[in-house]
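Q: Here it is, the structure in full.
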Amino acid sequence: MDEKLHDLYEDIVARNPAEGEFHQAVREVFDSLGPVVAKHPHYTDAAIIRRLCEPERQIIFRVPWTDDAGGVQVNRGFRVEFNSALGPYKGGLRFHPSVYLGIVKFLGFEQIFKNALTGLPIGGGKGGADFDPKGRSDNEVMRFCQSFMTELYRHIGEHTDVPAGDIGVGGREIGYLFGQYKRITNRYESGVLTGKGLSWGGSQVRTEATGYGTVYFVSEMLAAMGDSFDGKRVAVSGSGNVAIYAIEKIQQLGGIAVACSDSSGYVVDDNGLDLELLKDVKIKQRGRIADYVQARGRGAELGTAGSIWHVPVDIALPCATQNELDADDAKALIANDCRIVAEGANMPTTPEAIKLFSDAGVRFAPGKAANAGGVATSALEMQQNASRDSWSFDHTEERLAEIMRSIHDRCLHTAEAYGFPGNYTAGANISAFTHVADAMLAQGLI
Ligand code: NDP
């Protein structure tokens, strides 16, 4: 890391203590910015990087609700409105017991860069709660969402801050959140949330977008290497929204998704996962990965050795959660001749693992580029809401594919221009940073 940036990084760590994930996300960006500050000292003179690391606004609130037994539960809600240089704050809500300020800040910080890469007018933000929807009834989830929105509504709006889903927040939760927003404000403000149902303001392809987009990105990486998905074996971690639609697109493009997982383990299905069965178990029944193995019968097995990354594959797509792929996993993938790792999740690969991939010549795509298709399609949902229009599936998917191609090319060209040929992380960080920094400079000291 450049010396000037190193001092600033130390300051940021001291100023935001005990927020390890946030430090990690900042460090990963700073590692790429040396040549940028050397070439453009005006960014440092205007303290752009220091300003970028300080959220514009951070909201923490109590979320009280009653469970089905009549007991009072209390959770903590968050919304970090990080940067609005390019447009209204935009980023998902995560409901998971591990959520605390450091996680929301790492996600919000990454979101600034990801959103800039889409080329669409959206700023960066993120939110959530330490609520665990797992094992809760629909009514409990509804009461929680209503209480969460009873505070959040005053901070959001179609021109201010537009939340969406993330881990633990899918179509069901967005529905309850939207209903409560409408009830409190007496406004049918479609553009206040994205990921809505198709019959009430949602966009075609939004559900599929993050997984599809990640696979489109990998398809561009393969094309740049003169190759394609045809016959490639792929491991996809997770079995939630991102993972399931990544698997769907891999199959459509001729690849073979042979493994997926959840927090209780992983499954190997050497002939290719049965996607309809997986959807039935994970989406309809909200079941566990072991239920898939049981229903599938012969051919599918629960993994026993190490993690899912020990399964021999050509391509690895971590699509579950942060820091799920560590140095040991990277060594196993490299030993098995894996050629591409692309992050469907946010920051799923540890810095040590990324270094190992780089040393071994494994092509690596960071989440802020590879999984930007979700938020890009959210921005397309906002466009449709603003014009009271609704586009066909094919048209929306074409727009998504075009956006992913443009992000891919932008990363590669920027990396090349700054002396990091083939380094998608450097390309993504530098391209997004300069885009946001120029907008911040133009808008004065705010
Ligand atoms: P879901 O809640 O739909 O699915 C998450 C999946 O990851 C589940 O299979 C879950 O298993 C698994 N998982 C979660 N936490 C852990 C953990 N600690 N250890 C192992 N497995 C875990 O979330 P999404 O698919 O929406 O999100 C997945 C990732 O993609 C996240 O990093 C998210 O930030 C990122 N992302 C999502 C976008 C979207 O549009 N949804 C957009 C861009 C990025 P289990 O059910 O057992 O917990």
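Q: Mind counting the residues in the stretch 237-254 that are in contact with a helix residue (DSSP H, G or I) (Cβ under 8 Å, 6 or more places away or on another chain) and either among the hydroxyl-bearing types (Ser, Thr, Tyr) or part of a loop (DSSP other than H, G, I, E, B) (or both)?
A: As a first pass, look at the stretch 237-254 and keep what is in contact with a helix residue (DSSP H, G or I) (Cβ under 8 Å, 6 or more places away or on another chain): 237, 239-251, 253.
Narrowing the set further to residues that are either among the hydroxyl-bearing types (Ser, Thr, Tyr) or part of a loop (DSSP other than H, G, I, E, B) (or both) leaves 237, 239-240, 245, 253.
The qualifying residues number 5.
Q: Same structure, new question: So which of GLY240, GLY201, GLY195 ends up being in contact (Cβ under 8 Å) with a residue 12 or more places away in the chain, more than 13 Å from the ligand (Cβ to nearest atom) and closer than 19 Å to LEU93 by Cα?
A: Values: GLY240 fails: more than 13 Å from the ligand (Cβ to nearest atom); GLY195 fails: more than 13 Å from the ligand (Cβ to nearest atom).
Going through GLY240, GLY201, GLY195 in turn, just one is in contact (Cβ under 8 Å) with a residue 12 or more places away in the chain, more than 13 Å from the ligand (Cβ to nearest atom) and closer than 19 Å to LEU93 by Cα: GLY201.
Q: When the stretch 247-260 is examined, which residues are found to be under 21 Å from THR349 (Cβ atoms) and more than 9 Å from the ligand (Cβ to nearest atom)?
A: The first filter runs over the stretch 247-260 and keeps only residues under 21 Å from THR349 (Cβ atoms), leaving 247, 249-250, 255, 257-260.
Once the filter is applied, which keeps residues that are under 21 Å from THR349 (Cβ atoms) and more than 9 Å from the ligand (Cβ to nearest atom), the stretch 247-260 yields ILE247, LYS249, ILE250, GLY255, ALA257, VAL258, ALA259.
Q: Here's something else I'd like to know. When the stretch 92-127 is examined, which residues are found to be of a type in the set (A, V, I, L, M, F, W, C), touching a residue at least 40 places away in the same chain (Cβ under 8 Å) and in a helix (DSSP H, G or I)? Working first, answer last.
A: The initial filter retains those residues of the stretch 92-127 that are of a type in the set (A, V, I, L, M, F, W, C), namely 93, 95, 99, 101, 103-104, 106-107, 109, 112-113, 116-117, 120, 122.
Within this subset, residues satisfying the condition of being touching a residue at least 40 places away in the same chain (Cβ under 8 Å) are 93, 95, 101, 103, 106-107, 109, 112-113, 116-117, 120, 122.
Once the filter is applied, which keeps residues that are of a type in the set (A, V, I, L, M, F, W, C), touching a residue at least 40 places away in the same chain (Cβ under 8 Å) and in a helix (DSSP H, G or I), the stretch 92-127 yields LEU101, ILE103, PHE106, LEU107, PHE109, ILE112, PHE113, ALA116, LEU117.
Q: Would you be able to say whether some residue in the stretch 219-233 is within 16 Å of the ligand (Cβ to nearest atom) and modelled with pLDDT of 95 or more? Quick ask: steps written out before the conclusion?
A: Just the residues of the stretch 219-233 that are within 16 Å of the ligand (Cβ to nearest atom), to begin with: none.
There is no residue in the stretch 219-233 that is within 16 Å of the ligand (Cβ to nearest atom) and modelled with pLDDT of 95 or more.
Q: Out of curiosity, is VAL234 in contact with a helix residue (DSSP H, G or I) (Cβ under 9 Å, 6 or more places away or on another chain) and at positive phi?
A: Values: in contact with a helix residue (DSSP H, G or I) (Cβ under 9 Å, 6 or more places away or on another chain): yes; at positive phi: no.
Considered against the rule, which asks whether it is in contact with a helix residue (DSSP H, G or I) (Cβ under 9 Å, 6 or more places away or on another chain) and at positive phi, VAL234 comes out as no.
Q: So which of SER199, SER203, SER228, SER239 ends up being crowded, with 24+ Cβ neighbours inside 10 Å, polar (S, T, N, Q) and over 15 Å from GLY373 (Cβ atoms)?
A: Working: SER199 fails: crowded, with 24+ Cβ neighbours inside 10 Å; SER203 fails: over 15 Å from GLY373 (Cβ atoms); SER228 fails: crowded, with 24+ Cβ neighbours inside 10 Å.
On inspection, the qualifying residue turns out to be SER239.
Q: Which condition number in (1) open to solvent by 80 Å² or more (accessible area, probe 1.4 Å); (2) closer than 22 Å to PRO348 by Cβ is the one that ASP270 fails?
A: (2)
Q: To continue, here is another question. Which residues, counting only those in the stretch 128-145, are surrounded by fewer than 17 Cβ atoms within 10 Å (Cβ to Cβ) and either in contact (Cβ under 8 Å) with a residue 40 or more places away in the chain or farther than 14 Å from GLN73 by Cα (or both)?
A: Applying the first criterion (surrounded by fewer than 17 Cβ atoms within 10 Å (Cβ to Cβ)) to the stretch 128-145 yields 132, 134-135, 137-139.
Hits for the stretch 128-145 are LYS134, GLY135, SER137, ASP138, ASN139.
Q: Still on this structure, please answer the following. Is it the case that THR377 is of a type in the set (Ser, Thr, Tyr) and within 30 Å of ASP45 (Cα to Cα)? Let's see the steps before the verdict.
A: Values: of a type in the set (Ser, Thr, Tyr): yes; within 30 Å of ASP45 (Cα to Cα): no.
Considered against the rule, which asks whether it is of a type in the set (Ser, Thr, Tyr) and within 30 Å of ASP45 (Cα to Cα), THR377 comes out as no.
Q: If TYR188 passes every condition in (1) within 30 Å of GLU158 (Cβ to Cβ); (2) open to solvent by 10 Å² or more (accessible area, probe 1.4 Å); (3) within 10 Å of the ligand (Cβ to nearest atom); (4) not basic (Lys, Arg) but one, which one does it miss?
A: (3)
Q: Return the only residue of PHE82, PHE61, PHE78 being surrounded by fewer than 22 Cβ atoms within 10 Å (Cβ to Cβ) and either away from the ligand (no atom under 13 Å from the Cβ) or in a strand (DSSP E or B) (or both).
A: PHE61
Q: Here's something else I'd like to know. Tally the residues that are open to solvent by 70 Å² or more (accessible area, probe 1.4 Å) and in a loop (DSSP other than H, G, I, E, B), restricting the search to the stretch 388-444.
A: Selection size over the stretch 388-444: 5.
Q: For the stretch 282-309, which positions are more than 16 Å from the ligand (Cβ to nearest atom) and either under 12 Å from TYR266 (Cα atoms) or assigned to a loop (DSSP other than H, G, I, E, B) (or both)?
A: Hits for the stretch 282-309 are GLY297, ARG298, GLY299, ALA300, GLU301, THR304, ALA305.
Q: So which residues in the stretch 146-185 are of a type in the set (Val, Ile, Thr), closer than 17 Å to ILE122 by Cα and either more than 16 Å from the ligand (Cβ to nearest atom) or surrounded by fewer than 17 Cβ atoms within 10 Å (Cβ to Cβ) (or both), if there are any at all? Walk me through it before giving the result.
A: Kept after step one, since they are of a type in the set (Val, Ile, Thr), are these residues of the stretch 146-185: 150, 156, 160, 162, 167, 169, 174, 184-185.
Still in the running and closer than 17 Å to ILE122 by Cα: 156, 160, 162.
ILE156, THR160, listed by residue number.
The values are calculated or read from the model by the stated rules, or taken from the named source; none is laboratory data. Owing to the predicted nature of the structure, the values given are computational and were not obtained by experimental measurement. As a convention, Cβ positions derive from the backbone with ideal geometry for all residues, glycine included, and neighbour counts pool all protein chains shown. Note: accessible area is taken over every heavy atom of the protein model, side chains too, but ligands, DNA and RNA are not part of it. Shrake-Rupley method; radii C 1.70, N 1.55, O 1.52, S 1.80 Å.
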